Amino acid sequence: MSALAHLGAAHDFQADIDLVGSIEAVPTILDVVCRVTGMGFAAVARVTEDRWVACRVKDGIAFGLEPGGELEVASTICHEIRQSRAPVVIEHVAQDAAYCDHPTPARYGFQSYVSMPIVLPDGTFFGTLCAIDPRPAPVDRPEVVDTFRMFADLIAFHVDAHRRNASANDAIRSEAFVRGILAASPDCVKVLSAEGRLEYMNERGVEMNQLGSLQDVLGQQFADLWPEDERAKIRDAVRRAAAGEIARAEGFCPTARGEPRLWEASFAPFRLEGTGELKLVGVSRDISERVKAEEERQASAAALEALNATLADHVETRTQERDRIWQVSHDMLGVADGNGIWLSVNPAWTAILGWRSGEVIGRTSEWLEHPDDREATRAEVGRLAAGHSTLAFENRFRTRDGDYRTLSWRAVPVEGMLYCVARDVTEQRERAVQLEHAEEALRQSQKLEAVGQLTGGVAHDFNNLLTIIRSSVDFLRRPNLPEERRNRYMDAVSDTVDRAAKLTGQLLAFARRQTLKPEILEVGAQLRAVADMLDTVTGARIHVVTEVPDAPCFVQADLSQFETALINMAVNARDAMDGEGTLTLRLDCARGLPAIRGHASAPGLFAAVSITDTGSGIAAEQLGRIFEPFFTTKPVGQGTGLGLSQVFGFAKQSGGDVDVESELGRGTTFTLYLPEVEGVIRDEPVAVRDGEAFPTGDGQCVLVVEDNVEVGRFATQILEDFGYRTTWAANAEEALEKLGSDGAGFDAVFSDVVMPGMGGIELAKILQRRLPDLPVLLASGYSHVLAQDGLHGFELLHKPYSADQLGRILGKVAPSPERRRSPSESR
């Protein structure tokens with residue numbers, strides 16, 4: 001018997017529906033859900049592999065669904081939620097890329113949708129708490145999602161308690177469970193007695209009210225905690241909630257420290273399971289900023305209305321002073337009717353454009369406007385018809401000489417007339433364009449200089465590496481080459497490829513484009529480990545000293561890049577000491593980030609890792625360039641100038657920085673700053689090297705997605721040699737077609753990240769949603785998407801990769817033969 005069959009035997013489907021119908025809290029939950037979201041329909045549904053039945057509904061008439069009503073489960077989004085155990089939130093179906101083409105919204109007629117899985121304490125999926133509406137709604141907000149999650153957990157607990165024939169002890173656990181859920185709310189959540197005494201407040205509420213302790217207010221009348229003139233409305237809201245209503249009130253109440261706050265407080269009744277005792281749950285939200293913004297908006301609207309009234313009055317009265325301004329103004333003034341026909345213009349039109357007033361009055365401006373500006377001008381004027389009270393834009397008008405002048409316009413509509421002011425900004429715009437061109441030329445010059453440095457350095461290092469590879473390949477082609485020499489040349493090729501990949505990684509690190517794998521690190525432990533390794537790098541005449549505090553200090557960073565940065569700084573220190581001296585590694589925790597290279601200091605706590613040498617020091621004029629790529633003070637052949645560039649790029653991409661202090665003849669100190677985090681010491685992974693045994697394929701079907709023909713053939717050949725069956729797709733769109741709606745029998749997908757059209761990350765996300773059981777392995781040498789947004793939980797194989805690396809990681813993510821699906825005969 002399957003697991004589902006066992007579940008069906010243990011809990012009758014109809015009994016579960018009746019169970020939810022008997023829970024007193026559910027109607028209140030559905031009512032609150034509709035109020036919070038503004039949606040017209042809410043329901044608790046029992047969802048299985050083949051059925052969707054409404055247990056309880058609110059406003060089901062509009063949706064055509066009563067309690068006990070059933071929908072085709074495969075046509076609902078709840079079917080996906082049951083598989084993923086993750087909520088789905090849609091504010092506007094028509095604008096949601098993931099669901100705009102989904103059949104469910106069109107079939108059931110909704111545009112906004114929220115559905116939260118109801119998962120019982122033992123991990124069993126029961127159903128969903130959902131809400132829909134035919135209109136778009138702003139529901140993708142933390143407070144909405146948190147409210148849904150809280151109520152879904154509460155329903156899950158009630159269902160579990162009833163299934164276990166809950167006793168009075170369950171009522172106690174129920175109250176504790178509710179408090180545990182409410183503790184996670186972003187608002188001030190409290191529990192009151194039926195008489196309005198405060199019995200509980202979550203930690204967020206204590207923080208928002210700036211209380212020293214919850215004990216300071218526990219047991220007091222909640223209304224008495226408000227100012228005297230606000231207490232009546234709070235008492236009334238509590239009274240109405242105790243009578244069975246969901247009551248709401250707004251009012252002013254300062255915090256315990258006297259800071260002013262405006263609150264929105266809601267109260268709803270509930271009864272403890274088992275005892276039936278009446279309690280009130282209250283939610284208070286700080287609306288100070290919202291009210292302030294609304295007041296400012298109303299004040300601005302009132303000021304603008306007064307300004308328009310004053311302007312209308314001035315236009316109507318047309319004082320002698322205004323006539324003088326009209327005549328002598330250097331700006332172009334004009335009055336037009338609702339159709340844009342000029343009724344009056346001042347003499348500045350003639351002074352700026354050369355046209356006489358008689359040539360302008362009685363016509364629109366279209367004959368003067370630059371052809372490229374006409375559409376934009378019409379759009380701006382159209383905003384007035386849409387209700388905008390002022391207008392500000394720029395366009396170009398033709399002069400009598402045939403040139404064009406750039407005009408900056410402001411216009412106000414008053415009683416069907418349009419009053420306009422235009423200022424000639426031609427010279428200012430030309431100067432701005434010239435300045436922009438000069439700045440762009442400077443930036444381009446700087447880029448060309450950097451590109452020149454990078455090109456020379458990369459060409460030099462890669463030519464050296466290619467020379468080794470080319471020579472080794474030539475020797476490998478010789479007949480009768482002894483096995484020992486063949487192995488030597490093959491090792492040389494492999495090692496050189498690793499060095500080339502490391503050089504590429506250093507370049508990407510400086511560009512802040514490498515894909516980091518951040519993890520929680522205990523800096524002190526890593527510093528001690530690197531210090532032990534440095535003994536083999538620095539030599540016996542350099543004394544390595546480590547100063548690490550006893551208390552742990554955690555950062556979140558890529559371990560490999562962190563170790564590389566420390567070694568790069570240590571190697572520079574070793575060379576500066578000419579092989580003899582003292583190298584000190586020091587860790588300081590809970591430091592601030594100081595101002596570095598003209599950048600402002602940053603708030604928060606940082607771990608400061610400093611490396612100090614007793615070497616020759618760095619000249620002051622060189623300190624500003626030491627982090628540039630390929631800049632080095634070492635003799636030719638003794639350094640690439642990329643080591644400190646890697647340190648700089650790693651620090652910046654990890655949210656920190658690197659500083660340097662030096663004095664000629666007195667040594668140098670490099671300090672790497674990384675943001676501190678809370679964490680635990682990580683478990684050391686077991687290292688796996690090329691050549692070690694790993695699981696190979698046993699006929700599993702792998703879809704290879706690669707736009708490069710040579711790489712695609714190479715990858716499919718490797719996988720076939722390892723015992724996999726392969727199909728090759730040249731792009732993501734072709735891959736989706738081959739996979740179809742059910743995966744077409746494939747056991748895994750191996751995809752490149754950077755491809756024309758849809759990229760590998762987007763493909764993986766679609767497959768994660770459509771086929772959550774299908775493993776996806778990504779491969780990339782560089783991707784700005786990965787560098788900016790991370791891996792999104794997918795496995796990543798870095799290029800260049802070896803055959804063993806591909807086989808090993810695919811053996812880890814691909815399903816075992818006993819779990820493999822039957823391959824499609826159509827392929």
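The values are calculated or read from the model by the stated rules, or taken from the named source; none is laboratory data. All values derive from a computational prediction rather than experimental measurement. Don't worry about glycine lacking a Cβ; one is built from the backbone with ideal geometry, like all the others, and counts go over all protein chains shown.
Would the range 254-263 turn up any residue that is hydroxyl-bearing (Ser, Thr, Tyr), modelled with pLDDT of 85 or more and over 35 Å from the mean Cα position of the chain (by Cα)?
For the range 254-263, residues hydroxyl-bearing (Ser, Thr, Tyr), modelled with pLDDT of 85 or more and over 35 Å from the mean Cα position of the chain (by Cα): absent.
Give me the strands (runs of 3 or more DSSP E) completely within the range 85-168, filtered to those with at least 1 residues that are among the polar types (S, T, N, Q), buried (at least 16 other Cβ atoms within 10 Å of the Cβ) and touching a strand residue (DSSP E or B) at 6+ places or on another chain (Cβ under 7 Å), ordered by residue number.
The strands (runs of 3 or more DSSP E) meeting that bar are 112-119, 125-133.
Scan the range 54-70 for residues that are at pLDDT below 85 and either surrounded by fewer than 19 Cβ atoms within 10 Å (Cβ to Cβ) or not basic (Lys, Arg) (or both) and jot them down.
Within the range 54-70, ASP59, GLY60, ILE61, ALA62, PHE63, GLY64, LEU65, GLU66, PRO67, GLY68, GLY69, GLU70 meet the criteria.
Kindly indicate whether any position in the range 617-627 is assigned to a strand (DSSP E or B) and modelled with pLDDT under 85.
The answer is no; no qualifying residue exists.
Does the range 587-607 contain at least one residue that is modelled with pLDDT of 80 or more, on the phi < 0 side of the Ramachandran plot and either in a loop (DSSP other than H, G, I, E, B) or not assigned by TED's automatic domain parsing to the domain that holds ALA531 (or both)?
Yes, there is a match, as at least one residue in the range 587-607 is modelled with pLDDT of 80 or more, on the phi < 0 side of the Ramachandran plot and either in a loop (DSSP other than H, G, I, E, B) or not assigned by TED's automatic domain parsing to the domain that holds ALA531 (or both).
Taking the options LEU218, LEU211, name whichever one is in a loop (DSSP other than H, G, I, E, B), surrounded by 15 or more Cβ atoms within 10 Å (Cβ to Cβ) and of a type in the set (A, V, I, L, M, F, W, C).
That would be LEU211, the only listed residue that is in a loop (DSSP other than H, G, I, E, B), surrounded by 15 or more Cβ atoms within 10 Å (Cβ to Cβ) and of a type in the set (A, V, I, L, M, F, W, C).
Taking the range 497-547 as the search range and keeping residues that are under 27 Å from GLY579 (Cα atoms) and among the hydroxyl-bearing types (Ser, Thr, Tyr), which one is modelled with the lowest pLDDT?
Filtering the range 497-547 for residues that are under 27 Å from GLY579 (Cα atoms) and among the hydroxyl-bearing types (Ser, Thr, Tyr), the one modelled with the lowest pLDDT comes out as THR536.
Take the residues in the range 322-346 that are surrounded by fewer than 16 Cβ atoms within 10 Å (Cβ to Cβ) and touching a helix residue (DSSP H, G or I) at 6+ places or on another chain (Cβ under 7 Å), then tell me which one is nearest to ARG383 (Cα to Cα).
Looking at the filtered set, the residue picked out is GLY340.
Any idea which residue in the range 21-53 is surrounded by the fewest Cβ atoms within 10 Å (Cβ to Cβ), counting only those that are at pLDDT 85 or above and among the β-branched types (Val, Ile, Thr)?
Checking each candidate, the answer is THR48.
Does at least one position in the range 360-376 carry a residue that is touching a helix residue (DSSP H, G or I) at 6+ places or on another chain (Cβ under 8 Å) and either surrounded by fewer than 18 Cβ atoms within 10 Å (Cβ to Cβ) or β-branched (Val, Ile, Thr) (or both)?
Yes, there is a match, as at least one residue in the range 360-376 is touching a helix residue (DSSP H, G or I) at 6+ places or on another chain (Cβ under 8 Å) and either surrounded by fewer than 18 Cβ atoms within 10 Å (Cβ to Cβ) or β-branched (Val, Ile, Thr) (or both).
Which residue is nearest to GLN717 (Cα to Cα), if the candidates are limited to the range 798-818 and must be assigned to a helix (DSSP H, G or I) and at pLDDT below 75?
PRO817
Is there any pair linking a residue in the range 201-221 that is within 11 Å of LYS190 (Cβ to Cβ) to one that is in a helix (DSSP H, G or I) and modelled with pLDDT of 90 or more, with Cβ under 8 Å and at least six apart or on different chains, and which?
Close Cβ pairs (under 8 Å, with a partner that is in a helix (DSSP H, G or I) and modelled with pLDDT of 90 or more) amount to VAL217/LEU225.
Would you pick out the residues in the range 292-350 that are at positive phi and modelled with pLDDT under 80?
The answer is ARG318, and nothing else.
Looking at ARG82, is it part of a helix (DSSP H, G or I), under 21 Å from GLN14 (Cβ atoms) and at pLDDT 85 or above?
So ARG82 passes the test.
Just to be sure, is GLY244 touching a strand residue (DSSP E or B) at 6+ places or on another chain (Cβ under 7 Å), part of a loop (DSSP other than H, G, I, E, B) and surrounded by fewer than 18 Cβ atoms within 10 Å (Cβ to Cβ)?
The answer is yes for GLY244.
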